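Report on one structure; see the data block that follows.
The values are calculated or read from the model by the stated rules, or taken from the named source; none is laboratory data. This structure is a prediction, so every number in the text was calculated from the model and none was measured. Don't worry about glycine lacking a Cβ; one is built from the backbone with ideal geometry, like all the others, and counts go over all protein chains shown. Side chains are part of the model used for accessible areas, which takes the heavy atoms of the whole protein and leaves out ligands, DNA and RNA. Shrake-Rupley method; radii C 1.70, N 1.55, O 1.52, S 1.80 Å.
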Amino acid sequence: MIAFLSQFNPIVQALFGTFFTWGLTAIGAAGVFLSKEINRKVMDGMLGFAAGVMIAASYWSLLAPAIEISESLGIAPYIPPAIGFLLGGFVLWLIDRILPHLHTNLPIESAEGIKTSWHRSILLVLAITLHNIPEGMAVGVAFGAAAAGIPGADLASAVALTIGIGIQNFPEGLAISAPLKQEGLSSGKAWWYGQLSAVVEPIGALIGAAAVIAMRQILPYALAFAAGAMIFVVIEELIPEAEAGSNTDIATGGAMLGFTIMMVLDVALG
C-alpha cells in the first residue's frame, strides 16, 4: 500500500485513504442486511473499541509527531501541540452545539444542537457524521505532513492512522445502520444512510491536506488540532454512550483492545 500511495501527491493520497475508511464504513453498515437488531453488549463493545482506537491514534499518529515537528522547526515543543489540541476540542464543541444530532437509544427529546423538526433517523445519522469529521481531517493532515519531509511525520505513519480509523469505522457503520432499521427504514435505506455518514471524511481530508501543504508552519498545530477534535468526540460522545448501560466491562475491554491494535499498527508501520 505504501509503495502504491507514494506515486501520488498528498491530496490524492488523503483521498485514497478516506475512500478506504469510507468503504469500511459501508461494509460495516451492510451488516444490516443480515440482522435487524444489534445486541447492546456488542454495541457497547464496538463503541469502546472505537474510543480506544481514537485515543491511541491521537497520541501516536498526531500529538507525538506534532511535538517532534515543533522541535525540528525550532519552536518550543509544547506550545503548538497545546494550542492546536485545545483549539480542536473547542471547534468540535461549537459544532456539537450547532449541528442537530441524536445518539443511539435516546429519546428524540434528548437531541442536541439547534432544535429542529428533522426526523429521528436524520438526527441519528448526523450523530455519527459528527464523529467522522475529525477522523477525515486527521487522515488529511497526516498525509500532508508526510509530504513535507519533516522528521516525525512519514507516509507509513499516515497509512497506519488510516488503517486504524478504517478498522474502527467498520463497526461504526453497523452501529448507525442497525438503529435506522429499527426505526422502520428498509435494509437498503438503513445501509445507504449508514454509509453516507462517512461522506464527510474525504471532505475533511481535502481540507486538512491542503492546509498543511499550503502553510507548512501550521503542521504541528494542525496535527494537534485533529487530535483535540478526536479526543473531544471520545470524551463527549463515545465513552458516555458505551458506559451508559450495564456493560461497562465489555466497553472497557473494547477500548483496551482498540487502543492496543492502533498502538501496534502505528509502532509497527511507523
**Request:** Run down 198, 158, 209 and say which single residue is outside any helix (DSSP H, G or I), touching a residue at least 60 places away in the same chain (Cβ under 8 Å), surrounded by 24 or more Cβ atoms within 10 Å (Cβ to Cβ) and in contact with a helix residue (DSSP H, G or I) (Cβ under 8 Å, 6 or more places away or on another chain).
**Result:** 198
**Fill in**
Screening 79, 75, 69 for residues that are more than 30 Å from residue 176 (Cβ to Cβ) and either basic (Lys, Arg) or open to solvent by less than 10 Å² (accessible area, probe 1.4 Å) (or both) leaves only 69
**Complete:** (1) touching a residue at least 40 places away in the same chain (Cβ under 8 Å); (2) open to solvent by 10 Å² or more (accessible area, probe 1.4 Å); (3) in a helix (DSSP H, G or I) all hold for residue 192 apart from (1)
**Asked** With respect to the numbered conditions (1) more than 29 Å from residue 247 (Cβ to Cβ); (2) over 16 Å from the mean Cα position of the chain (by Cα), which one is the sole condition not fulfilled by residue 85?
**Response** (2)
**Asked** Is there a residue being among the small types (Gly, Ala, Ser), within 22 Å of residue 126 (Cβ to Cβ) and under 13 Å from the mean Cα position of the chain (by Cα) anywhere in the stretch 206-221?
**Response** no
**Request:** Scan the stretch 224-256 residue by residue and report those that are touching a residue at least 12 places away in the same chain (Cβ under 8 Å), under 19 Å from residue 135 (Cα atoms) and either open to solvent by 40 Å² or more (accessible area, probe 1.4 Å) or among the polar types (S, T, N, Q) (or both).
**Result:** 236, 239
**Request:** Considering (1) modelled with pLDDT of 85 or more; (2) under 20 Å from residue 90 (Cβ atoms), say which one residue 237 fails and leave the rest.
**Result:** (1)
**Item:** helices (runs of 4 or more DSSP H) completely within the stretch 1-58 that count 1 or more residues being at pLDDT 90 or above and open to solvent by less than 20 Å² (accessible area, probe 1.4 Å)
**Value:** 10-29, 40-57
